[in-house]
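The values are calculated or read from the model by the stated rules, or taken from the named source; none is laboratory data. Every value quoted in this text rests on a predicted model; they were computed, and no experiment measured them. Heads up, the Cβs are rebuilt from the backbone with ideal geometry, glycines too, and the neighbour counts pull from every protein chain shown. These area figures cover heavy atoms from the full protein model, side chains too; ligands, DNA and RNA do not enter into them. Shrake-Rupley method; radii C 1.70, N 1.55, O 1.52, S 1.80 Å.
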Amino acid sequence: MSIGNSPEDERPFEDDRAEAHRSIGHALRQARIAAGLTVDDVTNATRVRIAIVHAIEADDFAPCGGDVYARGHIRTLAKAVHLDPAPLLAQYDAQHGGRPAPTPAAPLFEAERIRPERRGPNWTAAMVAAIVAVVGFVGFTAFKGGDDSGAKTQVAEGSTPSTSKSASPTPKSSKSDIPKSNPSDSAIAAAPQDKVTVQVSAANGRSWISAKDHNGRLLFDGLLKQGDSKTFQDSEKINLVLGDAGAIQLYVNGKKIDDNFQSGAVERLTYTKGDPQAG
């Protein structure tokens, strides 16, 4: 009399051993379980599709698409579950008419096995391209509209609009006092006595200029082309930096400044209500 398992309990075990000897799929399945791996683990490690792994473990090699691919899958799965593929391949050849003649199909199997799954559109790349296009358009617009933005800044901060090419309208109270014959009799000629008014004209060429009010707030910072002019007004003083002073003609509180600025010289000037003498 046996102790532990009955003969009925022992027979399935013997059948399993016999089946493992006969069956390639059973051997692969048992080795996978012994290695603590799931079918998903094997698929992720080998890139062999889940349906093919299940079919091979059930000894169904039809989904492989031919003997060459079946042998390749058997070799790949055996290595993944730590089995020697040689006995399994010999068993497969014996059961399916011998090993096929060498063909260039093996590289095709490798390509099929590692072929990535079809993915959807790359929205991230499309979004990055759209952002780059928008940033480029904004930069181009800002570069082209530099002069107009300077004029708008003056209006927003309370400075008097330019009398030449500025798009901002000139106040009606000054417009009636402007004779058209003499540049010095411009809108600044009627400037209020309690403020300082400075007109900067690029009469002899172009020049970069910067203008700030008495609080240090920037009124303008940019390039004046030849023939352009800017007018600034403040309650106390105007601070100027002229990049090429020789190209500039100044009118302060309605009076022309006759300083002999040198061409290419940088001048830093301050004007108040009591000028036209430089402060």
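Checked against the criterion of being at pLDDT below 85 and closer than 21 Å to L223 by Cβ, the candidates A245, A265, A278 yield just one match: A245.
Residues are listed down the side, and each one gets a yes or a no for (1) in a strand (DSSP E or B); (2) more than 42 Å from the chain's Cα centre (by Cα):
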site	(1), (2)
G205	no, no
N239	yes, no
L250	yes, yes
N260	no, yes
R268	yes, no
G274	no, yes
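Against the numbered list (1) among the acidic types (D, E); (2) open to solvent by less than 70 Å² (accessible area, probe 1.4 Å); (3) assigned to a strand (DSSP E or B), D221 comes up short only at (2). Taking region 200-244 on its own, how many of its residues are aliphatic (A, V, I, L, M) and either touching a His at 6+ places or on another chain (Cβ under 9 Å) or over 24 Å from N260 (Cα atoms) (or both)? Qualifying residue count for the region: 3. Within this structure, E110 passes the test of being of a type outside the set (G, A, S) and modelled with pLDDT under 90. Taking into account only those residues within region 207-218 that are at pLDDT 90 or above and assigned to a loop (DSSP other than H, G, I, E, B), which is nearest to A142 (Cα to Cα)? The selected residue is R217.
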